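*Asks:* If you scroll down you'll find the structure; I have some questions about it.
The values are calculated or read from the model by the stated rules, or taken from the named source; none is laboratory data. All values derive from a computational prediction rather than experimental measurement. Don't worry about glycine lacking a Cβ; one is built from the backbone with ideal geometry, like all the others, and counts go over all protein chains shown.
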Amino acid sequence: MTETDQQRRQLGESDSPIEDALEYAFRRMVDEGTQRLHRSWREVLVTGFFGGTDIAVGVLAYLAVLNVTHEPLLAGLAFSIGFLALLLGRSELFTEGFLVPVTTVAAKRASFGQLMKLWSGTLVANLAGGWVLMAVMMTALPQLHAQTIESASHYATAPLSAETIALSLLGGMVITLMTRMQHGTDSVPAKIAAAIAGAFLLAGLQLFHSILDSLLIFGALITGEAPFGYLDWLGWFGYTAAGNLVGGLVLVTLLRLLRSKDRVAEERRRAESPGDDEPLTSTHD
């Protein structure tokens with residue numbers, strides 16, 4: 001241990017090798033990630049299904065405001081209803097599963113197989129739940145059909161290019177950054193502010209997001225009037241989901257892990273030696 005590390009441990013409230021604020025956020029992430037990654041298949045699928053329906057409610061708000069104002073930034077703020085539903089309803093979105101679960105696996109509190117179960121189950125359930133609610137919405141609100149088709153065409157007909165790849169990278173980065181901000185505080189108002197900010201950037205700037213934009217495309221397809229089909233969606237979805245994954249993992253999660261690498265190493269040692277699994281203690285009396 002270097003002299004600088006010793007000083008940091010002595011000055012902080014805990015003997016962690018990282019700053020206290022990062023330590024508390026790290027503990028929250030690992031504790032939550034351990035619970036999420038040890039869910040059964042039933043729990044993963046049900047939570048993911050509700051995540052899809054929650055985001056669909058945000059899509060409804062987005063379309064309603066965009067149909068009246070034709071201002072994507074205002075519609076992006078309206079879409080924050082979806083992220084607030086995710087936050088307060090404790091449901092889960094596939095792209096929220098980058099920072100917290102990956103940190104938990106890196107800390108050896110869960111396995112790679114459990115991470116794959118969470119990702120695959122949540123992704124499929126998000127799409128299924130979103131499709132169901134979009135079908136209900138398109139049946140109930142035919143006045144939104146034209147706006148839904150117009151909005152969905154922006155994504156479904158976008159060719160693979162440097163621009164669309166960059167948009168998908170940014171989409172993954174923004175939602176993972178939102179997750180990082182929410183886990184950096186215990187304040188509910190601050191978590192809500194992070195959700196609104198994330199929605200404003202993601203939907204307002206029309207970044208490419210594999211779940212959100214898929215629901216727009218599903219809505220357009222359900223109307224029966226879309227100039228594209230499910231194969232077009234699948235082609236778009238493939239590179240967008242990959243871009244979201246890279247953006248969330250490389251541009252946010254990896255950097256956070258590098259910042260906390262000493263703390264991750266300590267947690268790995270505790271996981272490998274269960275008898276030493278004790279909480280970090282205060283350095284002050």
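*Asks:* Do the conditions hold for Met116, that is, is it among the aliphatic types (A, V, I, L, M), crowded, with 17+ Cβ neighbours inside 10 Å, part of a helix (DSSP H, G or I) and at pLDDT 95 or above?
*Replies:* Numbers: among the aliphatic types (A, V, I, L, M): yes; crowded, with 17+ Cβ neighbours inside 10 Å: no; part of a helix (DSSP H, G or I): yes; at pLDDT 95 or above: yes.
No; evaluated as a whole, the condition is false for this residue.
*Asks:* Which of the residues belonging to the range 79-94 are in contact (Cβ under 8 Å) with a residue 60 or more places away in the chain and buried (at least 23 other Cβ atoms within 10 Å of the Cβ)?
*Replies:* Result: Phe79, Ser80, Gly82, Phe83, Leu93, Phe94.
*Asks:* When only residues in the range 25-50 that are over 12 Å from Leu118 (Cβ atoms) and out of contact with any His (no Cβ under 8 Å at 6 or more places or on another chain) count, which is surrounded by the fewest Cβ atoms within 10 Å (Cβ to Cβ)?
*Replies:* Arg42
*Asks:* Out of (1) among the hydroxyl-bearing types (Ser, Thr, Tyr); (2) under 17 Å from the mean Cα position of the chain (by Cα); (3) closer than 28 Å to Ala146 by Cα, what's the single condition that is false for Thr69?
*Replies:* With respect to (1) among the hydroxyl-bearing types (Ser, Thr, Tyr); (2) under 17 Å from the mean Cα position of the chain (by Cα); (3) closer than 28 Å to Ala146 by Cα, Thr69 is out only on (2).
*Asks:* Restricting attention to the range 84-108, report how many residues are of a type in the set (Gly, Ala, Ser) and part of a helix (DSSP H, G or I).
*Replies:* Just the residues of the range 84-108 that are of a type in the set (Gly, Ala, Ser), to begin with: 85, 89, 91, 97, 106-107.
Filter once more, so that each one left must be part of a helix (DSSP H, G or I): 85, 89, 106.
Count: 3.
*Asks:* Here are the criteria: (1) part of a loop (DSSP other than H, G, I, E, B); (2) surrounded by fewer than 22 Cβ atoms within 10 Å (Cβ to Cβ). Tell me which single one Ser210 does not satisfy.
*Replies:* Ser210 satisfies all of (1) part of a loop (DSSP other than H, G, I, E, B); (2) surrounded by fewer than 22 Cβ atoms within 10 Å (Cβ to Cβ) except (2).
*Asks:* A further question follows. Considering each of Gly224, Gly184 in turn, give the residue that is surrounded by fewer than 17 Cβ atoms within 10 Å (Cβ to Cβ) and over 18 Å from Pro72 (Cβ atoms).
*Replies:* Details: Gly184 fails: surrounded by fewer than 17 Cβ atoms within 10 Å (Cβ to Cβ).
Step by step, each of Gly224, Gly184 is checked, and only Gly224 is surrounded by fewer than 17 Cβ atoms within 10 Å (Cβ to Cβ) and over 18 Å from Pro72 (Cβ atoms).
*Asks:* Out of contact with any Ser or Thr (no Cβ under 9 Å at 6 or more places or on another chain) and either in a helix (DSSP H, G or I) or within 21 Å of Ser91 (Cβ to Cβ) (or both): is that true of Leu257 in this structure? Walk me through how you get there before you give the answer.
*Replies:* Values: out of contact with any Ser or Thr (no Cβ under 9 Å at 6 or more places or on another chain): no; either in a helix (DSSP H, G or I) or within 21 Å of Ser91 (Cβ to Cβ) (or both): yes.
Against the criterion (out of contact with any Ser or Thr (no Cβ under 9 Å at 6 or more places or on another chain) and either in a helix (DSSP H, G or I) or within 21 Å of Ser91 (Cβ to Cβ) (or both)), Leu257 does not qualify.
*Asks:* Moving to a separate point now. Could you tell me which residue of the range 213-244 is farthest from the chain's Cα centre (by Cα), considering only residues that are acidic (Asp, Glu) and part of a helix (DSSP H, G or I)?
*Replies:* Asp232
Here is a yes/no grid of residues against (1) outside any helix (DSSP H, G or I); (2) closer than 25 Å to Ser210 by Cα; (3) modelled with pLDDT of 95 or more; (4) not hydroxyl-bearing (Ser, Thr, Tyr):
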position: Thr4; (1), (2), (3), (4): no, no, no, no
position: Arg8; (1), (2), (3), (4): no, no, no, yes
position: Ile18; (1), (2), (3), (4): yes, no, no, yes
position: Arg28; (1), (2), (3), (4): no, no, no, yes
position: Glu32; (1), (2), (3), (4): no, yes, no, yes
position: Leu45; (1), (2), (3), (4): no, yes, yes, yes
position: Gly48; (1), (2), (3), (4): no, yes, yes, yes
position: Val57; (1), (2), (3), (4): no, yes, yes, yes
position: Leu73; (1), (2), (3), (4): no, yes, yes, yes
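*Asks:* Residue under question is Thr104, and the condition is that it be surrounded by fewer than 22 Cβ atoms within 10 Å (Cβ to Cβ) and of a type in the set (Ser, Thr, Tyr); does it hold?
*Replies:* For Thr104, the condition - surrounded by fewer than 22 Cβ atoms within 10 Å (Cβ to Cβ) and of a type in the set (Ser, Thr, Tyr) - is not met.
Yes/no matrix, rows are residues, columns are (1) within 30 Å of Arg268 (Cβ to Cβ); (2) among the small types (Gly, Ala, Ser); (3) in contact (Cβ under 8 Å) with a residue 40 or more places away in the chain:
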position	(1), (2), (3)
Ile55	no, no, yes
Glu96	yes, no, yes
Arg109	yes, no, yes
Ser120	yes, yes, no
